[in-house]
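K.L.:
Below are the structure tokens for one structure; questions will follow.
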Amino acid sequence: MSPAGRRVAVVGAGPAGLMAAQTLLEQGLRVEVYDAMPSAGRKFLLAGRGGLNLTHSEPAAPFLSRYGNRAPRIAPWLEAFGAADVRAWSHGLGIDTFVGSSGRVFPREMKAAPLLRAWLARLRASGAVFHMRHRWLGWRAAAGPAGLRFAGPQGERAVQADAVVLALGGGSWARLGSDGAWVPELRDRGIDVAPLRAANCGFDADWSAHFRQRHAGQPVKTVALACGSGPARQGEFVVTEAGVEGSLVYTCAAALRDEIEARGSAIAWLDLAPDWSQERVTAALTHPRGARSMSSHLQSRLGIAGVKAGLLRECVPAEDFRDPARLALRIKALPLRLLRPRPMDEAISTAGGVRFEALDEGQMLRQAPGVFCAGEMLDWEAPTGGYLLTACLASGRAAARGVLAYLGGRP
Ligand SMILES: Cc1cc2nc3c(=O)[nH]c(=O)nc-3n(C[C@H](O)[C@H](O)[C@H](O)COP(=O)(O)OP(=O)(O)OC[C@H]3O[C@@H](n4cnc5c(N)ncnc54)[C@H](O)[C@@H]3O)c2cc1C
């Protein structure tokens, strides 16, 4: 039986929910989109503020490896809708894309707003009906899993659909709608939800007042950073009042967070001169410095000054700082002790969420037949680089295909 004309409620108007809606509309279903906020895609718009990184141009294998031990679960999503499809989708909405020097893919204008505007217009033209300011409260008693309760502008409202896609996001930036308040509702229904945790987040460090006053707000570039047995990655980060933030920190954030959870604190190993070998650094520093201070020696021989020199002062014991051979070792492996992740609400994304074991192969909740899940609310994580949006979009598409199969159409 064709599912055309059947009614699907999509709850959550972020990238995952909107992509589920698009896929269902393409197959002739009636789609109603509900969201607690006054307008759609608020986090998506925020993501565009610093340059919307839609996806990444690297080959499929390294791309997939960014999802860590969840890669086997994400692989089918990306096979059906990968980086090239994300770009084609954007082009189809009239928004050209380009590959930046790091291999990251951005819309030509870098912004999310034109893309979102074109997308919403296309969805509306295809028949999507949007119900904003509708907060999903849970399920109606004795109405089955596709019987929903919403708090809307006119009070509580019951909605009955043939199938439901939940795409409620993670637990960061609550003021944009992604507040994780859905977690207890799903758990009460016996659905296995891993605790939400900060991912792609900054960390607190125990800066001295002197270091904080002199260097908070300054970028540290170019350096390499490693955590545990993981590979060192090159890039930049920012010293903040509280600790560290920025793209290079995010690449190691999951490992740092896990180490802090296991041991109480974590060490991030910094290489302040990643383009120099240890031998070259040692030779430069052990070169006679005459009457010059160690600081001016560092600057003239290695170009290490400002915040990098400040980090050495902050993290190297005074006796090592005076010893050129030992200082040279520290320049290549500076231990930066991190105390805790920044609060989850500040994070770019969150780990945890509905476990894959709670879903069948069509992304339907085993405990709630007819209800499908997509996006960041599922239990996976990835670094920044376009991997988040790509998987959210692809999972929205996969959930919609699950709905189509469930309602009797071809998957
Ligand atoms: C500052 C910042 C920059 C980012 N930059 C990038 C980037 O460049 N590239 C990238 O790949 N990713 C980026 N991200 C991450 C990306 O924005 C998210 O991973 C993505 O938006 C998640 O999509 P989603 O559809 O799963 O959830 P969301 O976008 O969080 O959408 C969930 C929706 O569900 C709604 N909702 C929640 N609960 C309810 C409820 N009970 N009832 C009704 N509605 C509800 C919310 O209002 C929201 O609209 C960034 C994130 C941040 C914060």
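The values are calculated or read from the model by the stated rules, or taken from the named source; none is laboratory data. Please read these numbers as outputs of a predicted model, since none were measured by experiment. Positions of Cβ are backbone-derived with ideal geometry, glycine not excepted, and every protein chain shown enters the neighbour counts. The protein model used for the area step is the full one, side chains on, heavy atoms only, and it has no ligands, DNA or RNA in it. Shrake-Rupley method; radii C 1.70, N 1.55, O 1.52, S 1.80 Å.
K.L.:
At HIS91 and ALA151, where each label point lies 7 Å from the Cα along Cα→Cβ, what is the point-to-point distance in nanometres?
P.N.:
Going from the HIS91 label point to the ALA151 one covers 4.5 nm.
K.L.:
Compute the FRET efficiency between GLU319 and SER2 as 1/(1 + (r/R0)^6), taking r as their Cβ-Cβ distance and R0 = 60 Å, and round to the nearest 0.05.
P.N.:
Here the calculated transfer efficiency is 0.20.
K.L.:
How much solvent-accessible surface does ILE348 expose, in Å² to the nearest 10, with a 1.4 Å probe and all protein chains in place?
P.N.:
Number for this one is 80 Å².
K.L.:
Under a Cβ-Cβ limit of 4.7 Å, which cysteines in the chain have nobody to pair with?
P.N.:
Flagged as lacking a Cys partner: CYS201, CYS315, CYS373, CYS392.
K.L.:
Then there's this: Run through the DSSP bridge list for the chain and note the antiparallel percent, rounded to the nearest 5.
P.N.:
75 percent
K.L.:
Let me ask something additional. Tell me, in nm to one decimal, what length is gained between GLN160 and ARG189 on full extension, where the rule is 0.36 nm per residue of separation less the Cα-Cα distance?
P.N.:
Length difference between fully extended and current span is 8.6 nm.
K.L.:
Any idea how far apart ALA333 and GLU279 come out in nm if each label point goes 7 Å out from Cα toward Cβ?
P.N.:
1.8 nm
K.L.:
Taking the Cα centre as origin and putting +1 on Lys and Arg beta-carbons and -1 on Asp and Glu beta-carbons, what dipole magnitude results for region 120-266, to the nearest 20 debye?
P.N.:
540 debye
K.L.:
What does the helix-only formula give at 222 nm for the chain: each DSSP H stretch with n ≥ 4 adding -39500 (n - 2.57), the total divided by the residues, and the result rounded to the nearest 500 deg cm²/dmol?
P.N.:
Rounded to the nearest 500, it is -10500 deg cm²/dmol.
K.L.:
For ALA71 and GLU109, compute 0.36 nm times the residue count separating them, minus their Cα-Cα distance, and round to one decimal in nm.
P.N.:
10.6 nm
K.L.:
Moving on to the next point. Picking from GLY144, ALA118, ALA163, whose Cα lies most toward the positive end of the charge dipole for region 112-188 (charges on Cβ: Lys, Arg +1; Asp, Glu -1)?
P.N.:
ALA118
K.L.:
How large is the dipole of the chain about the Cα centre if only Lys and Arg carry +1 and Asp and Glu carry -1, each at its Cβ, rounded to the nearest 20 debye?
P.N.:
For the chain, the charge dipole is close to 660 debye.
K.L.:
I need two numbers for the chain: Rg to one decimal and Dmax as a whole number, Cα atoms only, in Å.
P.N.:
When restricted to Cα atoms, the chain yields Rg and Dmax of 24.3, 87 Å.
K.L.:
Give the calculated FRET efficiency between GLN299 and SER265 to the nearest 0.05, with a Förster radius of 30 Å applied to their Cβ-Cβ distance.
P.N.:
After rounding to 0.05, the efficiency reads 0.45.
K.L.:
Pick out which of ALA305, ALA20, ALA113 has the largest mean-square fluctuation in a Gaussian network model of the chain, springs linking Cα atoms closer than 10 Å.
P.N.:
ALA305
K.L.:
Determine the dipole magnitude for region 300-389: charges of +1 sit on the beta-carbon of Lys and Arg, -1 on that of Asp and Glu, nothing else is charged, the reference point is the Cα centre, and the result goes in debye to the nearest 20.
P.N.:
It comes to approximately 800 debye.
K.L.:
Which of the listed residues, GLN363, PHE321, ILE331, is farthest toward the dipole's positive end in region 262-411, when Lys, Arg count +1 and Asp, Glu count -1 at the beta-carbon?
P.N.:
PHE321
K.L.:
Between LYS221 and ALA181, how many nm apart are label points set 7 Å from Cα along the C-beta direction?
P.N.:
Label-label distance for LYS221 and ALA181, simple model: 3.9 nm.
K.L.:
Can you give me the solvent accessible area of GLU259 with a 1.4 Å probe, rounded to the nearest 10 Å²?
P.N.:
Number for this one is 40 Å².
K.L.:
Tell me which of GLY235, CYS252, SER277 sits at the most positive position along the dipole axis of region 228-290, charges placed on C-beta atoms (Lys, Arg +1; Asp, Glu -1).
P.N.:
Among GLY235, CYS252, SER277, the one farthest towards the positive end of the dipole of region 228-290 is SER277.
K.L.:
Picking from ALA199, ALA242, ALA83, which is most flexible by a Gaussian network model of the chain using Cα springs under 10 Å?
P.N.:
Of ALA199, ALA242, ALA83, the Gaussian network model singles out ALA242 as fluctuating most.
K.L.:
How much length is gained if the chain between SER102 and GLU361 is pulled fully straight, taking 0.36 nm per residue apart and subtracting their Cα-Cα distance, in nm to one decimal?
P.N.:
Length difference between fully extended and current span is 89.8 nm.
K.L.:
Within region 344-386, find all residues whose amide N lies under 13 Å from a label point positioned 7 Å from the Cα of ALA174 along Cα-to-beta-carbon.
P.N.:
Zone members listed by number: 344-347.
K.L.:
Give me the orientation-averaged projected area of the Cα convex hull of region 340-411, in nm², one decimal.
P.N.:
5.6 nm²
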